[in-house]
Amino acid sequence: MNLGVQYYRAPFPDGKYWDDDLRRMRDAGLNTVQLWVLWAWVEAKPGRYVFDDYDRLMELAGKHGLGLVISTIAEIQPYWIHREVPGSEMINNSGHRIVSLNRNECHFGLTPGGCTDHPQVWERMSAFLKTVVTRYRDLPNLRGWDCWNETRWNVDAEGIVCHCPHTLAAFRQWLGRLYGDLDGLNRAWKRRYGQWDEVLPGKSPGHTYTEMMAFSHFLTVRANQHGQNRYDLMKGLDPRHPVTLHGGCPCTEMAGGGTLTPIDRGNDWAFADHLDGVGCSSFPKWCGIDDADFGMRLDLVKSAARGKSVWLSELQGGRASQGFEVHKPVDALSQQRWLWNGLACGADTILFWCWRDEVFGCESGGYGLSGLDGLAEERLAAMRVTGNVVEQHRSLLDAYQPAPATVGVLFSPQSYYLQFSQTGNGGPAAAAFHGYCRALVRKSIPFVAVEEEHLEVLEQLRVLFLPRTLVFSPAVEKALTRFLEKGGTVVCESESGAFNPQGLYSYSVDRLLARLTGVREVGRRQLESTTLTADLDGLPCEMGLAQWITPLETGHGTVHASHRDGALLLSCPAGKGQVVYCGGYLGEAYRQQQTTGFEDFVAWVVRKAGVTHDIEIFLPHPDPTAFLYTKHGVSQNRRVVFVFFQEKHNEAYLRFRPGFFRKPVLTDLISGTEYALTPGPDGATELRMTCPAWRFAALVEPA
């Protein structure tokens, strides 16, 4: 369990603070420090590496008993890169060479720098990475490597990049591998290209979908490969320590917009195929991330990791700072809540950003765990408590595994690419996806995100939600057919699978779900109401609708909501399973305006599919502003239950399924308080508890 903090983005903080700062970190209960090693700073002159500052910091970390996570910042490139490698500049979609410059929060180095498709740029970058790894791989306190920070590569590119000859060649080679040859591409795209140089990438949204979707997909694959290349190089030199990377957010949130295409910083599932783990940054006070969204973010990273290491790589340390704005301070209990929420979701490394307030550019005066927002002392005191708990229960926390899920939500990058190709933003697809995920979190229903090229997890699931999944690949169609044949429940929305990955549209009668169920959509209709009221086994349920409706032909299954042109919500059999079909977009509307009706609908689907809850929450009752949040799992054959109260809650009443616990008592790891379990109906076990001082508890049954 690595519990640490980021320190030193060269050349700040000044060296006079280092010894005392690292001592105070250890005193505050932290056991790890992360150091950024910047390419531009270390190799300011070609071939001459200067590590004197880092050497001293590594030594001080050992002196104070701190483990080391080393973050290799190869994307901040040296000022000499374009001089030493002529023609290495990125080229945007308007054909302009990008002039690189200092990034707004990094004091020395160029971004975006040279294109890594240029072989000499990668050769120079590789030499830096190799030098860092060989220098520090044998340090006794090294805990691991973060090989790519927030997977940045196109910051300040001023256009969609890259359109240089090296990237265009790589794009065409990728298409060749995907389709076999030019004839295969012509068949798939329904084109008549004569030779490969006629095949052009998408330039911008609003043109044909095919090229823009393909180029967006390629940019994701290109980032995936770059992360793999960094890993291969570093792991080959240091096979003993984990090598991970992290995004600024889960890749599902990278919806694109402006000069950014969706998921252009890489796909977490593809990274986890190869690396030792994945992570993400989270700044809850700054970005307004509540309990549900915070837990959801960690669940999404955990879904991608599939049993590999999960890192909460940058967790907000102190008040955010952007220019001369004053943001909310970070109180100790909120921060500890994030930390323990990360543990509950399965994170094994938690790193705060950062120890001291920043002193450069727009981030000056912010983010310090020990910073000057007036709350540093209470933060450090609380961190000391958690640090002691982590040390005391290290083996228990190291062995903890969150409960497996039988409910899934499909993540479809292709649907993001399609949306971006038309509107320049994949936001509606992302909103729909995260809407379902958020509702499941608020209902304390364990779920797993299922990425469209990693469908093997479907074998473990009973329910699969398809939020605004407009694109089906042949692999998705095959997997869905098998899932339904085996008895699964699929929840789909308007025009599911209406497009293929080449951006080509199919009529309703030709789509997979129509073939499997006999239910067809009658066509798009304008929204006459932004709400839908459904009858769910006699209980009325009101939900929001977004964009349009596509009523469904009736005559098959059970109608739960009607329109004059057909059904808006119905369920019908397919194989041994069933399809719950909505002729509108529920998840997107919920993400825009949260309603408990949509959450009740999601829970109803799960219950109808025969999924039983390990934990039922009877009190407090959820409302749009507050809900009791629970997570649970197993460690060393002992149940672990995390309970997070909201400020307005004073007590909780929980019921656990029969046989869930072996012992009739639970102990809170944080406060040491013991809670007695009482018998409930039908062999269930019940727990009534008042809200603890920290407003959350980590409950463990005895060994």
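Does Ala429 satisfy the condition of being in contact with a helix residue (DSSP H, G or I) (Cβ under 9 Å, 6 or more places away or on another chain), buried (at least 24 other Cβ atoms within 10 Å of the Cβ) and either among the acidic types (Asp, Glu) or not in a loop (DSSP other than H, G, I, E, B) (or both)? So Ala429 fits the description; yes. The residue that is surrounded by the most Cβ atoms within 10 Å (Cβ to Cβ), counting only those in segment 471-517 that are farther than 17 Å from Leu461 by Cα and polar (S, T, N, Q), is Ser496.
Scanning segment 113-130 for residues that are out of contact with any strand residue (DSSP E or B) (no Cβ under 7 Å at 6 or more places or on another chain) and under 18 Å from Val42 (Cα atoms) yields Trp122, Glu123, Arg124, Met125, Ser126, Ala127, Phe128, Lys130.
Show me the helices (runs of 4 or more DSSP H) entirely contained within segment 5-92 in which 2 or more residues are more than 15 Å from Arg135 (Cβ to Cβ). It would help to see each step written out before you state the result.
Working: elements: 18-27, 39-42, 52-63, 81-84.
Ranges flagged: 18-27, 52-63, 81-84.
Check whether at least one residue in segment 383-395 is surrounded by 23 or more Cβ atoms within 10 Å (Cβ to Cβ), modelled with pLDDT of 95 or more, among the basic types (Lys, Arg) and farther than 30 Å from Val611 by Cβ, and report yes or no. No - not one qualifying residue is present in segment 383-395. Of the residues making up segment 333-386, those that are more than 14 Å from Phe696 (Cα to Cα) and polar (S, T, N, Q) are Thr349, Ser364, Ser370. Within segment 332-349, identify whether any single residue is of a type in the set (Asp, Glu), within 23 Å of Arg103 (Cβ to Cβ) and buried (at least 16 other Cβ atoms within 10 Å of the Cβ), and answer yes or no. No: segment 332-349 contains no residue that is of a type in the set (Asp, Glu), within 23 Å of Arg103 (Cβ to Cβ) and buried (at least 16 other Cβ atoms within 10 Å of the Cβ). In the set (1) at positive phi; (2) touching a residue at least 60 places away in the same chain (Cβ under 8 Å); (3) assigned by TED's automatic domain parsing to the domain that holds Tyr231, the condition left unmet by Asp156 is number (2). Exactly one condition in (1) over 30 Å from the mean Cα position of the chain (by Cα); (2) part of a helix (DSSP H, G or I); (3) outside the structural domain of Asp238 (by TED's automatic domain parsing); (4) not hydroxyl-bearing (Ser, Thr, Tyr) is false for Glu123; which is it? Condition not satisfied by Glu123: (3). The residue of segment 432-455 that is farthest from Ala405 (Cα to Cα), among those that are among the hydrophobic types (A, V, I, L, M, F, W, C) and in a helix (DSSP H, G or I), is Ala432.
Restricting to segment 633-658, and then to whatever is in a loop (DSSP other than H, G, I, E, B) and modelled with pLDDT of 95 or more, can you tell me which residue is surrounded by the fewest Cβ atoms within 10 Å (Cβ to Cβ)?
At the first step, the residues of segment 633-658 found to be in a loop (DSSP other than H, G, I, E, B) are 636-637, 645-650, 657-658.
If we keep only those that are modelled with pLDDT of 95 or more too, we end up with 636-637, 645, 657-658.
Working: Gln636: 12, Asn637: 9, Phe645: 24, Arg657: 16, Pro658: 11.
Step by step, filter segment 633-658, then rank; the result is Asn637.
Just to be sure before I move on: is Leu677 without any contact (Cβ under 8 Å) to a residue 24 or more places away in the chain, surrounded by 15 or more Cβ atoms within 10 Å (Cβ to Cβ) and either more than 29 Å from the chain's Cα centre (by Cα) or within 23 Å of Pro622 (Cβ to Cβ) (or both) in the structure I sent?
Working: without any contact (Cβ under 8 Å) to a residue 24 or more places away in the chain: yes; surrounded by 15 or more Cβ atoms within 10 Å (Cβ to Cβ): yes; either more than 29 Å from the chain's Cα centre (by Cα) or within 23 Å of Pro622 (Cβ to Cβ) (or both): yes.
Considered against the rule, which asks whether it is without any contact (Cβ under 8 Å) to a residue 24 or more places away in the chain, surrounded by 15 or more Cβ atoms within 10 Å (Cβ to Cβ) and either more than 29 Å from the chain's Cα centre (by Cα) or within 23 Å of Pro622 (Cβ to Cβ) (or both), Leu677 comes out as yes.
From the list Arg638, Arg655, Arg662, the one residue that fits, being touching a strand residue (DSSP E or B) at 6+ places or on another chain (Cβ under 7 Å) and farther than 26 Å from Thr386 by Cα, is Arg655. Against the conditions (1) buried (at least 20 other Cβ atoms within 10 Å of the Cβ); (2) farther than 27 Å from Pro86 by Cα, Asn149 satisfies every one except (2).
Condition check ((1) out of contact with any helix residue (DSSP H, G or I) (no Cβ under 6 Å at 6 or more places or on another chain); (2) in a strand (DSSP E or B)) across all residues:
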{"position": "Val457", "(1), (2)": "yes, no"}
{"position": "Thr469", "(1), (2)": "no, no"}
{"position": "Glu477", "(1), (2)": "no, no"}
{"position": "Leu484", "(1), (2)": "yes, no"}
{"position": "Gly487", "(1), (2)": "yes, no"}
{"position": "Leu513", "(1), (2)": "yes, no"}
{"position": "Asp535", "(1), (2)": "yes, yes"}
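I want to confirm something. Restricting to segment 551-598 and keeping residues that are over 26 Å from the mean Cα position of the chain (by Cα) and of a type in the set (D, E, K, R), which single residue is nearest to Thr489 (Cα to Cα)? Only one residue fits best here, namely Lys576. Scanning segment 598-615 for residues that are small (Gly, Ala, Ser) and crowded, with 19+ Cβ neighbours inside 10 Å turns up Ala603, Ala609. Please work out which residue is nearest to the chain's Cα centre (by Cα), limiting yourself to segment 335-366 and to residues that are in a helix (DSSP H, G or I) and within 13 Å of Asp299 (Cα to Cα). By that ranking, first place goes to Gly342.
The values are calculated or read from the model by the stated rules, or taken from the named source; none is laboratory data. Source: prediction; values computed, not measured. Note that we place each Cβ from the backbone using ideal geometry, even for glycine, and neighbour counts take in every protein chain shown.
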